[in-house]
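Structure first, commentary second.
The values are calculated or read from the model by the stated rules, or taken from the named source; none is laboratory data. Note that the coordinates shown come from a computational prediction; the quantities given were computed from them, not determined experimentally. When we count neighbours, we look across all protein chains shown, and the Cβ atoms used for this are built from the backbone with ideal geometry, even at glycine. We work out accessible area using only protein heavy atoms, side chains counted, and drop any ligands, DNA or RNA first. Shrake-Rupley method; radii C 1.70, N 1.55, O 1.52, S 1.80 Å.
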Amino acid sequence: MDKYGTLPVLALRGKIVYPDTNTYFEVSRTKSLKALERAMNQDQIIFLAVQRDPMEDDPEEEDLYNIGTVAKIGQMAKAGTGVLRVFVDGLYRARMVNFYEEDGSLATEYELMEEEDFPEYEGEAAALFRSIKDWAKVYAEKNPGFLKIPFEDFKEEVELCRLINTIISELPYDLDRKQQILEEVSVRKQCEMLLTILMEEVDISDYRNEITQKVKQNVDKNQKEYLLREQQKVIREELGEEDLESEADEYLKACKELDAPESIKDKIEKEIKRFKVIPPMAADSFTIRNYIETMLEMPWNKATTDNNDLNHAKEILEEDHYGLEKIKERVLDYLAVRNLSGKNSATILCLAGPPGTGKTSVAKSIARALEKKYVRISLGGVRDEAEIRGHRKTYVAAMPGRIADSIRQAGVCNPLILLDEVDKASSNHKGDVAASLLEVLDAEQNVNFRDHYLEVPLDLSKVLFIATANDLSLIDKPLRDRMEIIDVSSYTENEKYHIAKNYLVKKQREASGLSEDQVSITDEAIYGMIRRYTREAGVRNLERTIGTIMHKAARNVLVNGEGIHVDLDQLETYLDVAPFDEEDSLEEPQVGIVRGLAWTSVGGDTLSIEVNTMPGKGQMKLTGRMGDVMKESAEIGLSYIRSIADSYGIEAEYFEKNDLHIHIPEGAVPKDGPSAGITMATAMLSAITGKKVRSDLAMTGEITLRGKVLPIGGLKEKLLAAKAAGIKEVLVPIKNEHNVLTLEEEITEGMTISFVSKMEEVLEKALLS
């Protein structure tokens, strides 16, 4: 072949072809395909030059190494759409003399480079040949599959250059060093460079095999991905290199800066080490990441400083709430003990009362007074123990329990946590929620509360827990024993008026975007809403009613450009017809109908107990969704009436020839409890004797077989309901006298409270002669 000439140029990416070797590569670029086409027309000879940057798609002269290989194209085959697989035989080293582009392909004038500086003596050539061959064999033993051509195919001295080029092309080392050997024309230097590379590769193979042996002792052979990561880990340890900044390193840094006990830090660091070695796509990786982030977000020792000024607490309570004087006193007493002892009280406050009476807002005010972070946990409908204690992190979508999560949300370890509607928590096959709350609310145990997800003790002793409930009877007794009950009873009419005037009207006006000039409500209108549009223990419906007026006012401002003034006579204009009458007691005395008083979880209520008699076989029928206790009270009342039948001229056979039907209206509403005992007994005697019962009188009390009247609960709510219904006199068990004495005068004003101890007194006051 001529020493000088012109050839088409094909740019190679990441691959070098040496003289005396054959290989293949794939071609898809347009310029490269055209260069191949030209070469096929010129004796199938082409100049192969390597790109300096394999990512360059359109290389120029400066992007190519100046020295390359002249090669002969053996054959070509399609390897896909627009892709050719080309087989070539390397022939000579050559230098590009004048590079140019012609007809859309690369070309160059070349100069062949003859090899020189051969070993002068046969012994030297043989020594170099055997040294290279021996080191190559050592490398081949450590790397099976190296050098597909048997060493026996190479003849000493004569094939020294072919041996060098063949071994160089097979060794896996960087492209720059391979190019350096290609550019070297001195055979002696080629041998020296190749021997150096072989020795380095043998050492690397030794280290790699040693690393592999270490890793194999720790991992399963089938875990290929895990094995590769372990190899990477040991390599870094052997080289003494620091790992790049990674997610695990950031977690580790955050852990060191975390203000937490050492045992917790050790736990987090252990999980971070696991996280480092687990593949990113493994299922455990996501689980461990969430766990680490949760642990780092927990405020283990971060706390706020409480404001222990009782005067400040009193100001906040007065500012936020009207009335509730006894509740405020109990709260201040509780805070005083807490301040003097320097730690949380052993008891937990439980604010119990009907809906809308301000239990939640009292808890918020306590948090504001103490300058604590406030978090609310609604327990209504919660029936899974894991909601409190958390799920074990091995489960899919595991998360900490509500207690731990609330502390994380608060960002401090001493927030005020409100356990709202604690009486609504229930239990099922997944556990008892109330039982799991025992540890949370027990000051002796919650120092080391264990959340299943966190797996480390969580100190809850610094947390101020406050619970709310509507019905204490639904709370398990062990849980009740851990709480100090504060009754938040129903509001009086006067309290509702002041709350509406001072708080609710202003709140709803601002929520509707109105000013005082655009809407005003008279005092008489507020009283009218309380008496005729809302019958409730709290003020929620009253607030909604005021909100309805504000919405009407906002619409009027936008449509007519003027505000509204609401007085008593205009209520029906804005609120439709009133659902209640101010005086809705029975119009006149009737036979067999007696007004009773009941306590419900939403406040007091009045109920009319109706009794009819009819010919029959001495049976008693009870309707109106009565509970077992109320049914037993009816049976006790009937037994008492039969025992005094002679006193009222009732014949003995009357009870065998007549049936009694006792009904309590509003049949869809469940009713239970013993406090309607004297009411049912009075109604039965009235129906049997035909004597009328006073319509302006109501009563409440439990009855015994001997006619004694026993005390009842919920008296304040019952009296408020009686007053709202226009009752003039209420019969109350004498043992409830102390409860009446503690009530505000406003509640009893306008009503006569008569205390009774026996049924004879009840019948004397209730039955008309």
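Quick look at the values:
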| read-out | value |
| --- | --- |
| Residue in the stretch 680-703 that is in contact with a strand residue (DSSP E or B) (Cβ under 6 Å, 6 or more places away or on another chain), hydrophobic (A, V, I, L, M, F, W, C) and part of a loop (DSSP other than H, G, I, E, B) present | no |
| Residues that are touching a helix residue (DSSP H, G or I) at 6+ places or on another chain (Cβ under 6 Å) and either open to solvent by 60 Å² or more (accessible area, probe 1.4 Å) or of a type in the set (Gly, Ala, Ser) (or both), drawn from the stretch 435-458 | 436, 445 |
| Every pair of residues 6+ apart whose Cβ atoms lie under 9 Å, when the first sits in the stretch 465-476 and is in contact (Cβ under 8 Å) with a residue 60 or more places away in the chain and within 15 Å of residue 355 (Cβ to Cβ) while the second is of a type in the set (A, V, I, L, M) and open to solvent by 30 Å² or more (accessible area, probe 1.4 Å) | 469/485; 470/602; 472/485 |
| Pair list, Cβ < 6 Å and 6+ apart or interchain, from the stretch 190-215 residues that are within 22 Å of residue 231 (Cβ to Cβ) to residues that are hydroxyl-bearing (Ser, Thr, Tyr) and not in a helix (DSSP H, G or I) | none |
| Count - residues of the stretch 397-417 that are of a type in the set (S, T, N, Q) and either surrounded by fewer than 21 Cβ atoms within 10 Å (Cβ to Cβ) or under 12 Å from the mean Cα position of the chain (by Cα) (or both) | 2 |
| Yes/no for residue 498 being in a loop (DSSP other than H, G, I, E, B) and surrounded by fewer than 21 Cβ atoms within 10 Å (Cβ to Cβ) | no |
| Complete set of residues in the stretch 421-434 that are surrounded by 15 or more Cβ atoms within 10 Å (Cβ to Cβ) and either of a type in the set (S, T, N, Q) or not in a loop (DSSP other than H, G, I, E, B) (or both) | 422, 423, 424, 426, 427, 431, 432, 433, 434 |
| Among the residues listed as 51, 44, 75, the single one being open to solvent by less than 10 Å² (accessible area, probe 1.4 Å) and of a type in the set (S, T, N, Q) | 51 |
| Scan of the stretch 281-303 for residues that are in a loop (DSSP other than H, G, I, E, B) and touching a helix residue (DSSP H, G or I) at 6+ places or on another chain (Cβ under 9 Å), ordered by number | 281, 282, 298, 299, 300 |
| Selection status of residue 23, polar (S, T, N, Q), open to solvent by 60 Å² or more (accessible area, probe 1.4 Å) and touching a residue at least 60 places away in the same chain (Cβ under 8 Å) | no |
| Strands (runs of 3 or more DSSP E) lying entirely in the stretch 549-646 (those with 1 or more residues that are more than 19 Å from residue 678 (Cβ to Cβ), at pLDDT 90 or above and basic (Lys, Arg)) | 620-623 |
| Residues within the stretch 512-529 that are in contact with an Asp or Glu (Cβ under 6 Å, 6 or more places away or on another chain) and open to solvent by less than 10 Å² (accessible area, probe 1.4 Å), tallied | 1 |
| Flag for residue 537 being among the small types (Gly, Ala, Ser) and modelled with pLDDT under 90 | yes |
| Matching residues, the stretch 54-72, being within 24 Å of residue 181 (Cα to Cα) and open to solvent by 50 Å² or more (accessible area, probe 1.4 Å) | 54, 55, 56, 60, 61, 62, 66, 72 |
| Per-region count, the stretch 534-548, residues open to solvent by less than 30 Å² (accessible area, probe 1.4 Å) and either farther than 27 Å from residue 470 by Cα or assigned to a helix (DSSP H, G or I) (or both) | 4 |
| Residues located in the stretch 204-223, provided they are surrounded by 11 or more Cβ atoms within 10 Å (Cβ to Cβ) and at pLDDT 70 or above | 204, 205, 206, 207, 208, 209, 210, 211, 212, 214, 215, 216 |
| Among the candidates 477, 372, 462, residue that is surrounded by fewer than 19 Cβ atoms within 10 Å (Cβ to Cβ) and farther than 27 Å from residue 266 by Cβ | 477 |
| Residue list for the stretch 650-679, restricted to those being under 13 Å from residue 609 (Cβ atoms) and in a strand (DSSP E or B) | 660, 661, 662, 663, 671 |
| Criterion (open to solvent by less than 40 Å² (accessible area, probe 1.4 Å), assigned to a strand (DSSP E or B) and modelled with pLDDT of 90 or more) met by exactly one of 85, 93 | 93 |
| Residue list for the stretch 391-419, restricted to those being under 16 Å from residue 372 (Cβ atoms) and of a type in the set (S, T, N, Q) | 406, 409, 414 |
| Scan of the stretch 739-753 for residues that are surrounded by fewer than 16 Cβ atoms within 10 Å (Cβ to Cβ) and at pLDDT 90 or above, ordered by number | 752 |
| All positions within the stretch 305-331 that are among the small types (Gly, Ala, Ser) and more than 35 Å from the chain's Cα centre (by Cα) | 323 |
| Restricting the stretch 294-313 to residues that are in contact (Cβ under 8 Å) with a residue 40 or more places away in the chain and of a type in the set (D, E, K, R), the residue that is least open to solvent (accessible area, probe 1.4 Å) | 306 |
| Of residues in the stretch 378-396 being hydrophobic (A, V, I, L, M, F, W, C), open to solvent by less than 40 Å² (accessible area, probe 1.4 Å) and part of a loop (DSSP other than H, G, I, E, B), the one modelled with the lowest pLDDT | 382 |
| Checking residue 55 against (1) of a type in the set (A, V, I, L, M); (2) in a loop (DSSP other than H, G, I, E, B); (3) under 14 Å from residue 8 (Cβ atoms), the condition it does not meet | (3) |
| Top-ranked residue in the stretch 356-369 [being modelled with pLDDT of 85 or more and open to solvent by 10 Å² or more (accessible area, probe 1.4 Å); ranked as nearest to residue 600 (Cα to Cα)] | 359 |
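Yes or no, residue by residue, for (1) assigned to a loop (DSSP other than H, G, I, E, B); (2) of a type in the set (S, T, N, Q); (3) over 19 Å from the mean Cα position of the chain (by Cα); (4) under 24 Å from residue 335 (Cβ atoms):
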residue	(1), (2), (3), (4)
419	no, no, no, yes
438	no, no, yes, no
453	yes, no, no, no
467	no, no, yes, yes
473	no, yes, yes, no
